[in-house]
Amino acid sequence: ELLAQKCFNDNRTKILARLADLKTLNKYDQIYALTDTTAITRKGKEVISSALTPQLKNAIQSELKLLGADHLPLILKPSGSHGETLHQLELKGAKLDRKVNLTDVLSEGEQRVVAIAGFLAELTASGETNPIVFDDPVCSLDHKFREKVAERLVKEAMKRQVIIFTHDIAFLVSLQSHADRLEATMSEQTIRYKDQAPGFSAKGVPWH
């Protein structure tokens, strides 16, 4: 006991400082517990599951069908973390490691089509009619997907302004074809490099 008392006296300053640190840490733990977002996350997931998930799920399935990608067995699942709620696409029936993303399974072209479908589905669910911009939406897509995307974007342009940047002339011709067939208004602009400077815009299609 005497040895213990001597040891305590020799280390009194360090021991008391450590006790003070532990008390502070305990207070931090109590405060952190008050900021637990589990209940908020659970409630948020419950809200979007009933109010948004069904219509977004239907919209995505509809978009995938219009884009010719309805063969992909995708399902929409609501999820949440730290108070944030979101939707995530998963492969139906697939048992993947949690670290494996959908982007690790789908081809680059399939990823692009799914991304376009998801974007258009969100627009449909939101009910907004604001203008939208696409930058080369058909990169990595084969001719069948390109044709479907062209048709879908022309149909969307009948509800809102759609601006598309592309260097793909075949895609441009496809857009023109569907615009003529659906009687949608289409205005072409060519942006070119001129006088050693980029960004010159002129009305009409490229010369070639």
Listed values (i) 1.16; (ii) 1.31; (iii) 1.69, entry calculated as Cα Rg over 2.2 N^0.38 Å: (iii)
3J(HN,Hα) from dihedral phi, the range 190-198, Karplus parametrisation 6.51/-1.76/1.60, rounded to Hz, x for glycine, proline: 10, 9, 9, 8, 8, 6, 6, 8, x
Positive-pole candidate from GLN196, ILE163, THR124, dipole of the range 63-208, charges at beta carbon: THR124
Vicinal HN-Hα couplings computed from phi for the range 105-110 (Karplus, 6.51 cos²θ - 1.76 cosθ + 1.60; Hz; Gly/Pro x): 10, 6, 6, 4, x, 5
Sites ARG192 and GLN111, calculated FRET efficiency, Cβ-Cβ separation with R0 25 Å, nearest 0.05: 0.25
Accessible-area order (highest first, 1.4 angstrom probe) of the listed residues SER174, SER201: SER201, SER174
Cα-centre dipole for the chain with unit charges at Cβ (Lys and Arg positive, Asp and Glu negative), debye to 20: 700 debye
Extension gain (nm, one decimal) between ALA33 and ARG160, 0.36 nm per residue minus Cα-Cα: 41.0 nm
Segment HIS208-THR13, length gained on full extension (0.36 nm per residue, minus Cα span): 61.8 nm
The range 41-82, Cα convex hull volume normalised per residue, Å³: 63 Å³
Ratio Rg/Rh, restricted to the range 107-188 and using Cα atoms, in which Rh is the Kirkwood radius: 0.94
For the range 148-208 and the range 63-85, distance of Cα centres in Å: 29 Å
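The values are calculated or read from the model by the stated rules, or taken from the named source; none is laboratory data. Just so we're clear, the structure is a prediction, and the values are computed from it rather than from any experiment. Neighbour counts are summed over all protein chains in view; Cβ atoms, including those assigned to glycine, are modelled from backbone coordinates with ideal geometry. Quick note on the areas: whole protein, heavy atoms, side chains included, nothing else; ligands and nucleic acids left out. Shrake-Rupley method; radii C 1.70, N 1.55, O 1.52, S 1.80 Å.
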